[in-house]
1. Could you tell me whether any residue of the stretch 456-467 is charged (D, E, K, R) and assigned to a helix (DSSP H, G or I)?
2. Out of the residues in the stretch 120-178 that are of a type in the set (Val, Ile, Thr) and at pLDDT 80 or above, state the one that is most open to solvent (accessible area, probe 1.4 Å).
3. If I filter the stretch 506-521 for residues that are touching a residue at least 12 places away in the same chain (Cβ under 8 Å), among the polar types (S, T, N, Q), surrounded by 13 or more Cβ atoms within 10 Å (Cβ to Cβ) and more than 30 Å from residue 581 (Cβ to Cβ), do I get at least one hit?
4. Just to verify a result, which residue in the stretch 381-418, among those that are of a type in the set (D, E, K, R) and open to solvent by less than 30 Å² (accessible area, probe 1.4 Å), is nearest to residue 449 (Cα to Cα)?
5. Can you give me the number of residues within the stretch 665-694 that are under 21 Å from residue 610 (Cβ atoms) and either open to solvent by less than 10 Å² (accessible area, probe 1.4 Å) or not in a helix (DSSP H, G or I) (or both)?
6. Residues of the stretch 213-244 being more than 21 Å from residue 280 (Cβ to Cβ) and touching a residue at least 40 places away in the same chain (Cβ under 8 Å), which ones?
7. Of all the helices (runs of 4 or more DSSP H) wholly in the stretch 506-599, which have at least 1 residues that are touching a helix residue (DSSP H, G or I) at 6+ places or on another chain (Cβ under 9 Å), over 30 Å from residue 416 (Cβ atoms) and not acidic (Asp, Glu)?
8. Would you confirm, using the coordinates I've provided, whether residue 410 is of a type in the set (Val, Ile, Thr), assigned to a helix (DSSP H, G or I), within 22 Å of residue 723 (Cα to Cα) and at pLDDT below 90?
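The values are calculated or read from the model by the stated rules, or taken from the named source; none is laboratory data. Keep in mind that what you see is a predicted model, and the values were worked out from it rather than measured. Counting neighbours? That spans all protein chains shown, and the Cβs are built from the backbone with ideal geometry, glycine included. Surface accessibility is based on the protein's heavy atoms, side chains included, excluding ligands, DNA and RNA. Shrake-Rupley method; radii C 1.70, N 1.55, O 1.52, S 1.80 Å.
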Amino acid sequence: MSPGVTFFVGLGLLILFGWYFATELGPRKRFLATLLMVLLVLFSIATIWPPKEKIALGLDIQGGTSFLIRLVKSDKEITKAMLDQAVEVIRKRVDYFGGSEPVITPVGNDRILVQIPGLNPAKIQEARDQLSRVAKLEFRLVYPDKGERLAGIDKGQEVIPPDFRIEIYKHPAEGDEKPFEERLLVKKKADLGGNHVKESHAYFGNEGWTVQLGFDGEGAKEFGRITEANVNHRFAIVLDGAIQSAPVIRVPIYNGDAIITGKFGEQEARGLASVLENPLQTPVSIEEERSVSPTLGMDSIRASVIAGLMGLAITMVCVLVYYRFLGVIANLALIINLILLMGALTMFRFVLTLPGIAGIILTIGLSVDASVLIYERLREELALGKSLKAAVQAAYEKAFSSIFDANVTTLITAAILFWKASGPVKGFAISLSLGILASLFTALIVGRNVLSWFVDTGRITRVSMLHLISSKNFNFLGKGFLACMLSLALLLAGAGAFYVRGEKNFGVDFRGGDLITLSSPNPIDVGQVRAALQPIGFADASIQESAQGGKYYVTIRTPLNTSEQAERQIMQALPGAGLKVEGSERVGALVGGELARNSLIALGLGILGILIFVTLRFELSFAVGAIVALLHDVLMTVGVFALLGRELTLTMVGAVLTIAGYSINDTIVVYDRIREGLASGRKGSIEQIMNESINQTLSRTILTSTVTLIPIICLFLFGGAVLRDFSLAIIIGVVVGTYSSIFIASPIVLWWTRARGGGAGSLRREIIQKTTATNPATS
């Protein structure tokens, strides 16, 4: 779909959304909701279809193209800092939004292995340019005399000034004019370098595709000084030694912006913007290029897909059995949610990997959460004797604050992760945001209007649903101290195990490892190689097949200093395969220092964002409880992994981030009911009100956790070795998150309130003030 069509469709949908929210409840609002739903689904299907061409698959499923890049020596020796800088620059160039899922890892002391999934011939050439272009940008003044000195030099009457040299500026063709060359007398030394470029982006302007630059503070100040001193003189913009343009400075430029024009095409302009924002300090050359097979065998891929479909089917059947007719609507919303999510991910050119598929399967459980919240509220409203129509309206209005607060809190974290993080963490932030928006749309617009249509037209007059989990009167807060002591003991045990294991906690993605290359005159079965490695515990290793020069190759990435063991095991297990060891060498970590540092900073800022938002919407004690519960869940998951002797991998980063999102979502839902109980004027101590509120949400908490766990347990049992650790982390995280929202987060609110000398009265007054001041619209 062309950018123009996408723009106008988006504009039309935006107008419809505005019209929908401005319309009161009734047939017109329902018609607009139906129109929005149909248009979004059709647009998503058009974006996805045909899936074989539109949905990009990752290296693990489809394979791709492998480039071995060598840093070119100059007068300086290649250092580790140079190698690390090149790795991060290349990562940002080929994976700016974090959705491409490439493999980028140092090899030896001066090489980098880059593997990019699913490239066609045109994209391969574009990738070559992106990988190897240095992007050395310079701004140099042209001799300030309108070409008179150059004319004198040509006549032999003048000499070239020592600080200048003659360079050729190739003007591109314009209209009927042919391209021509112009000789310019340009400064040898740059007046301003590209190292001061802070940001760069491409846009379509009056002169076609243009690249706009933004300087940092020092660069902007210097650019303003230069342009002020050289008004009406030319300023050459030089990229990799070639003059791109040489405009006349009309007025001083103090805002720190500059533009580069040059009759670019869209891809060229976008590529140029990317490399200018991420320039290489050291030149590189592409030493080797080959196509590589998927890192997983077809057996692993098939097992994971079957497990995912099984989990989806079981989830939908459970929802249908428990909520009956309402379950049909919940499943319809779930299917539309998946279509919208896949359409959005395809539009953003996200690459679908097996962990990505697992993440989408996880959103199945999370998206059902909103429906469960609404239907459990509907059950309560019907129990009060309300008519079905009044109960439906009240259920959506009362559930809105829970859904709004829980999802906005998670969106704040996602926005900060996108802003500060890079690589796959940034990709996770985008996919999480898209998943939340799709869930909000399907729950609050699709589900509501479908149910309202059946009720308003009289097609249903009553609804029934199972009620396996009745409201109890457990004293959860009374067990808070015991629960916290149990958690503390587990956390200390996990921390002790983590400390004792040291570097063994981290897998190849974090520590680096060995890269083994084997060759054979015959095709090599990746599945057989994986099976051969299973007895020594390397069944989840990255294994790829390729062919070049009539020979077949297989590369295996194993933990550090295990190459000899792996080679020996493969040779013994596959004696008739004709395998020969071509070599083994050390490869660096997939998670570089900058990626890890940016991700930790982003996570810290995300926690600060949660603290501020929850304080504004609830109260400081609630914010403290939410942060403690979040840290508890993440640290507990990592600690249990250490106790089980499991390794942390790049895939685990996604799992931990997902656990953090689930934790805060679960906690906010419980908090919302506590806030409602305090604001309603209900009599009793703060402990009684909080216990009653937790008991009221117990049914929803258990149902949501169960529905979330079903597909993940299927992945754990049937999804193969590659996804087993990812699934286990999510299972641990969901169980611990459910436990902490009840036994950790809520008691901390109580203890914090008491510690500062407050009681039910003071907390109730603060909550009522917050609710009155910040309550969002519910229509």
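1. Filtering the stretch 456-467 down to residues charged (D, E, K, R) leaves 456, 459, 462.
Filter once more, keeping what is assigned to a helix (DSSP H, G or I): 456.
Yes, that holds for at least one residue.
2. Initially, the stretch 120-178 is screened for residues of a type in the set (Val, Ile, Thr), giving 124, 134, 142, 153, 159-160, 166, 168.
Now narrow it down to the ones that are at pLDDT 80 or above: 124, 142, 153, 159-160, 166, 168.
On the way: 124: 27, 142: 14, 153: 31, 159: 103, 160: 77, 166: 56, 168: 79 Å².
Once the filter is applied, the top-ranked residue is 159.
3. Taking the stretch 506-521 first, the residues touching a residue at least 12 places away in the same chain (Cβ under 8 Å) are 506-521.
Then keep just the ones that are among the polar types (S, T, N, Q); that gives 517, 519-520.
In the following step, the residues that additionally are surrounded by 13 or more Cβ atoms within 10 Å (Cβ to Cβ) were identified as 517, 519-520.
Pick out the ones that are also more than 30 Å from residue 581 (Cβ to Cβ) and you get none.
Among the residues of the stretch 506-521, not one is touching a residue at least 12 places away in the same chain (Cβ under 8 Å), among the polar types (S, T, N, Q), surrounded by 13 or more Cβ atoms within 10 Å (Cβ to Cβ) and more than 30 Å from residue 581 (Cβ to Cβ), which makes the answer no.
4. If we filter the stretch 381-418 for residues that are of a type in the set (D, E, K, R), which is where we start, we get 381, 386, 389, 397-398, 405.
Retained after the next criterion (residues that are open to solvent by less than 30 Å² (accessible area, probe 1.4 Å)): 381, 405.
Values: 381: 18, 405: 22 Å.
Taking the candidates together, the pick is 381.
5. At the first step, the residues of the stretch 665-694 found to be under 21 Å from residue 610 (Cβ atoms) are 665-676, 678, 690, 693-694.
If we keep only those that are either open to solvent by less than 10 Å² (accessible area, probe 1.4 Å) or not in a helix (DSSP H, G or I) (or both) as well, we get 666-672, 674, 678, 690, 693-694.
Going through the stretch 665-694 one residue at a time, the tally reaches 12.
6. 223, 226, 230, 233, 234, 235, 236
7. Numbers: elements: 508-511, 526-533, 563-573.
It comes to 526-533, 563-573.
8. Values: of a type in the set (Val, Ile, Thr): yes; assigned to a helix (DSSP H, G or I): yes; within 22 Å of residue 723 (Cα to Cα): no; at pLDDT below 90: yes.
Answer is no for this residue.
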